[in-house]
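To keep things clear, I will list the structure first and then write my remarks on it.
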Amino acid sequence: MENKPNIEHIRHSLAHLLAAAVLKEFPDAKLGIGPVIENGFYYDFELSRSLTPDDLKTFEKTMRGLINKKLPFTGEEIPFTEAKKRFAKQPFKLDLINEFSAEGKTLTIYHTGDVFSDLCRGGHVENTSEIPADTFKLDKIAGAYWRGDEKNPMLQRIYGLAFATKQELDDYLAMRIEAEKRDHKILGKKLGLFTFSPDVGPGLPLYMPKGNIIRETLLEYMRELKRAHGYQFVWTPHLTKKALYIRSGHFGKYDAMLPPIDADGEELAIKPMNCPHHFQIFNAEPHSYKDMPFRIAENATVYRNEKSGELNGLFRVRSLTQDDSHLIVRHDQIASEIDTILDLTHQIYDLFGFKNFKVEISVRDKANKEKYFGTDQMWDDAEHALIEAAKRWGAEYRIVEGEAAFYGPKIDIRVEDALKRNWQLTTVQLDYNQPENFDMSYIDENGKKVRPAVIHCAILGSVDRFMGIIIEHFAGAFPLWLAPVQVAVLPVGEKFSAYGKSIYETLMAHDVRSELGDANESLGKRIRAVEMMKVPYVIVVGEKEEAAGTVNFRTRDSEEKSNEMKLDEFIDKVEKEIKEKKR
Ligand SMILES: [Zn+2]
Ligand SMILES: [Zn+2]
C-alpha cells in the first residue's frame, strides 16, 4: 500500500535538497544543520560570500531539477571514525559527530541518490519524486550563529516554506502580506497607542493615552472577572531582597532575572515574577482548611533581562505586566480550581474571537530528575492532575516532555487569531514545591498543619504581548468596549458646532469615550480621518438633526452610511453594546 508522504518528511527532505543545491554553486560551503520548522525548513551555511535573492532562485531551480531526477533517500549506519573521515572538511558536522560520539549514539548518514550525503537521524520521503515541485519556496536569508552562540561563527541561514498543496502555500503567502499590513508596531504608531523612546531604552514601552485606555480596560476586565470568581487583588513592590529569590530557587537558575542592585549595602533584586511575594501574603496570617482556596491576583509589572536582539515591539519587552494569580489550595481542590481557570480562559478567548484552542502539557524529563525540586510522587500527581483537567476541558492536547519548570508541570494554551496564526497565551502551573520552600501551611479539620499546593496562572499572560496580538488580530479596529475613541462627533459645519459639542458632552457624561471633530476642516476629510483611526461610531450632525434633536450615525463595519436616531436612543444603544462587550 502506498502511503501519502508526511509533510514533515517532505520539509526535511527539501532541506537536504537545498544543501545539495548550495553545494553545487559553492563547493566549499560548510554545512550547519537543516531542521524542519513551522511551515517549512531551514539550512545553515558558511559561504565565501553573502547570498542574494537571485541565489535563492538558482537554488530553487536546482532543487526542482533534483526532484525530477527521482532520487532515492537511503540510510547508512557508519562508525564514528568513518563519519569523521567522511566529514573531514565539514567542521560543523565534526562538532556534531563529536557530540554524538560522547553521547554514545549510533550515527546514520542519508544519501540522496549519489548527489548528496548528510549526517541525519532520518524522517525523509523515500524518493524525491514524492515531493510536489510547486508547493515549496525558498523564502529568505538570515544570519544565525552556529548553535545559537554568539561566540561561534555567524552562518547564513536559508529559510524555505513548504506545504502539502500549492493552495496552502498561496494562502500562507497571502496571510503573510495581510499580517504585514497589521503589524502592531506600525499600527501602534499610526493609531497613537504606544511608543518607544531611545532615552528610556529598548523593550520598555510607553503607553500613550489611547493605548493606555485599551491597556487599562483589559486590566479592569481581568479584575472584574477574577473578583467575580473569588480572587482577591493585592499589590506588591517591584524590588525585593535577593534572598527571596535564593529561597524560591530562581536566583542563578532563572536567566531572565536582572542583576541585583546595591541599595545601601543590601542587594535588591528587581522582581521578574510575583510568586514569592504572594506567598509572603499567604504566610502573613494563619489559615484554616475553611479559608481555602486562598486566591490572590495582581496585575503586576515585572522586569526581565531579555536580549536586545530578541526584543520585538510589544511581543517581547523588558517590562511586562501580567494578569497574574496564585491559588493556594488544598489537594482536594486542585481539580475544581483548574477547571474554573480553564472555563474562565474559554470565556475570555470567546470574547476576543480566538479559535482552535490547543493545550500543551509540559512535564518533567524523567531522564534528568535531578533538575527538578520535589519527589517523584509529587510530580506524578501534579502531571496527572493537569492531564485530567485538559481532558475534561476537551481541547486537543499534547504532552511535551522536559518543558516543565523546576518546581512543577504546566499547561500552556495556544489560540488561533483572525489570520489563523497561533499564539501561546495562558499558562497554568501546578506547584507542590514552592509551598515546601516557603513553609506554607494551613490547619486541617483535625488541627494538624498541612502543606497546600499552589496553582500559578496568568490568563492573558503578558498584557503587553496580548495587546500586540489583539492589535494585529483586530487590525486596529477594536471592538467598541475596547476602542480608545468609541464615538466621533462631526458637525457638518461651524454653524452646528454648538449642537455637536452638546452631543459630545452628553456622551462623555455617560462614559462613552468620544471625540469632537474640528468643524474648520472639510467634512469628507474629517470622515476619512476618523475612519483611518477605526472609530466604531461616527456621528454627523447638521441642520436637520439639530432641529429634530437627533443624531445621524454610521458604523465602522457597515455599508449603511445614514442612520437617524434620537440622541437618548443612540446613547442607550451604545451603552448596551459596551456593557455586553459586543464584537
Ligand atoms: Zn535528513
Ligand atoms: Zn507564580
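The values are calculated or read from the model by the stated rules, or taken from the named source; none is laboratory data. All of these numbers come straight from a predicted model, not from anything done at the bench. Here Cβ is always computed from backbone atoms with ideal geometry, including for glycine, and neighbour counts include all displayed protein chains.
For Ser558, work out the one condition from (1) surrounded by fewer than 18 Cβ atoms within 10 Å (Cβ to Cβ); (2) at pLDDT 90 or above it doesn't fulfil.
(2)
Do any residues in segment 372-401 that are farther than 21 Å from Pro435 by Cβ have Cβ atoms under 8 Å from those of residues that are part of a helix (DSSP H, G or I) and among the charged types (D, E, K, R), where the two are at least six apart or on different chains, and which pairs are they?
Qualifying pairs under 8 Å: Arg392/Asp339; Trp393/Asp339; Tyr397/Lys391; Glu401/Lys366.
Mind telling me which of the residues Leu107, Leu138, Leu96, Leu119 ends up being over 30 Å from Asp170 (Cα atoms) and touching a Lys or Arg at 6+ places or on another chain (Cβ under 9 Å)?
Leu119
So Asn520 fits all but one of (1) farther than 29 Å from Glu220 by Cα; (2) assigned to a loop (DSSP other than H, G, I, E, B); (3) modelled with pLDDT of 90 or more; what number is the exception?
The number of the failed condition is (3).
Tell me the residue from Arg176, Arg157 that is surrounded by 14 or more Cβ atoms within 10 Å (Cβ to Cβ) and either in the same structural domain as Met533 (by TED's automatic domain parsing) or without any contact (Cβ under 8 Å) to a residue 24 or more places away in the chain (or both), please.
Arg176 is the lone residue from the list that is surrounded by 14 or more Cβ atoms within 10 Å (Cβ to Cβ) and either in the same structural domain as Met533 (by TED's automatic domain parsing) or without any contact (Cβ under 8 Å) to a residue 24 or more places away in the chain (or both).
For Ser101, work out the one condition from (1) of a type in the set (Gly, Ala, Ser); (2) over 30 Å from Glu168 (Cβ atoms); (3) within 16 Å of ligand 1 (Cβ to nearest atom) it doesn't fulfil.
Of (1) of a type in the set (Gly, Ala, Ser); (2) over 30 Å from Glu168 (Cβ atoms); (3) within 16 Å of ligand 1 (Cβ to nearest atom), only one is false for Ser101: (3).
Can Phe294 be described as farther than 30 Å from Ile443 by Cβ, aromatic (Phe, Trp, Tyr) and either touching a residue at least 12 places away in the same chain (Cβ under 8 Å) or surrounded by fewer than 22 Cβ atoms within 10 Å (Cβ to Cβ) (or both)?
no
Would you mind stating whether Gln377 is more than 16 Å from ligand 2 (Cβ to nearest atom), at pLDDT 90 or above and assigned by TED's automatic domain parsing to the domain that holds Ile348?
No; evaluated as a whole, the condition is false for this residue.
Within segment 199-210, is there a residue that is loosely packed, with under 15 Cβ neighbours inside 10 Å and over 22 Å from Met467 (Cβ atoms)?
Yes: segment 199-210 contains one or more residues that are loosely packed, with under 15 Cβ neighbours inside 10 Å and over 22 Å from Met467 (Cβ atoms).
Residues checked against (1) in the same structural domain as Lys449 (by TED's automatic domain parsing); (2) away from ligand 1 (no atom under 16 Å from the Cβ); (3) touching a helix residue (DSSP H, G or I) at 6+ places or on another chain (Cβ under 6 Å); (4) at pLDDT below 95:
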position	(1), (2), (3), (4)
Phe233	yes, yes, no, no
Ala243	no, yes, no, yes
Gly249	no, yes, no, yes
Phe279	yes, yes, no, no
Asn283	yes, yes, no, no
Pro286	yes, yes, no, no
Pro293	yes, yes, yes, no
Gly313	yes, yes, yes, no
Ser319	yes, yes, no, no
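Hey, can you tell me all the residues within segment 169-207 that are part of a loop (DSSP other than H, G, I, E, B) and under 21 Å from Glu310 (Cβ atoms)?
Asp183, Phe196, Ser197, Pro198, Val200, Gly201, Pro202, Gly203, Leu204, Pro205
Which members of segment 160-177 meet the condition of being aliphatic (A, V, I, L, M) and in contact with a Gly (Cβ under 7 Å, 6 or more places away or on another chain)?
Hits for segment 160-177 are Leu161, Ala162.
For Tyr110, only one of the following conditions fails: (1) at pLDDT below 90; (2) within 13 Å of ligand 1 (Cβ to nearest atom); (3) surrounded by 14 or more Cβ atoms within 10 Å (Cβ to Cβ); (4) of a type outside the set (Val, Ile, Thr). What is its number?
(1)
If we keep just the residues of segment 212-243 that are closer than 21 Å to Cys275 by Cβ and without any contact (Cβ under 8 Å) to a residue 60 or more places away in the chain, which is surrounded by the fewest Cβ atoms within 10 Å (Cβ to Cβ)?
Out of the qualifying residues, it is Pro237.
Condition test on Asp139, is it crowded, with 16+ Cβ neighbours inside 10 Å, away from ligand 2 (no atom under 16 Å from the Cβ), of a type in the set (Asp, Glu) and farther than 27 Å from Thr74 by Cβ?
yes
For segment 141-151, state whether one or more residues are of a type in the set (A, V, I, L, M, F, W, C) and free of Cβ contacts under 8 Å to residues at least 12 places away in the same chain.
no
Within segment 490-517, how many residues are farther than 17 Å from Gly549 by Cβ, not charged (D, E, K, R) and not in a helix (DSSP H, G or I)?
Count: 6.
Give me the residue from segment 30-80 that is among the aliphatic types (A, V, I, L, M) and over 19 Å from Pro91 (Cβ atoms) and, out of that set, nearest to ligand 2 (Cβ to nearest atom).
Among residues in segment 30-80 that are among the aliphatic types (A, V, I, L, M) and over 19 Å from Pro91 (Cβ atoms), the one nearest to ligand 2 (Cβ to nearest atom) is Ile37.
Anything in segment 333-377 that is of a type in the set (D, E, K, R), over 20 Å from Pro293 (Cβ atoms) and either crowded, with 17+ Cβ neighbours inside 10 Å or in contact with a Phe, Trp or Tyr (Cβ under 7 Å, 6 or more places away or on another chain) (or both)? List them, or say none.
Across segment 333-377, the qualifying residues are Glu360, Arg364, Lys371.
Quick one: which strands (runs of 3 or more DSSP E) lie wholly within segment 380-489 and hold at least 1 residues that are at positive phi?
Fully inside segment 380-489 and qualifying: 453-462.
Here is a list: Glu531, Glu543. Which entry is surrounded by fewer than 17 Cβ atoms within 10 Å (Cβ to Cβ), touching a Phe, Trp or Tyr at 6+ places or on another chain (Cβ under 9 Å) and not assigned by TED's automatic domain parsing to the domain that holds Asn212?
Glu543
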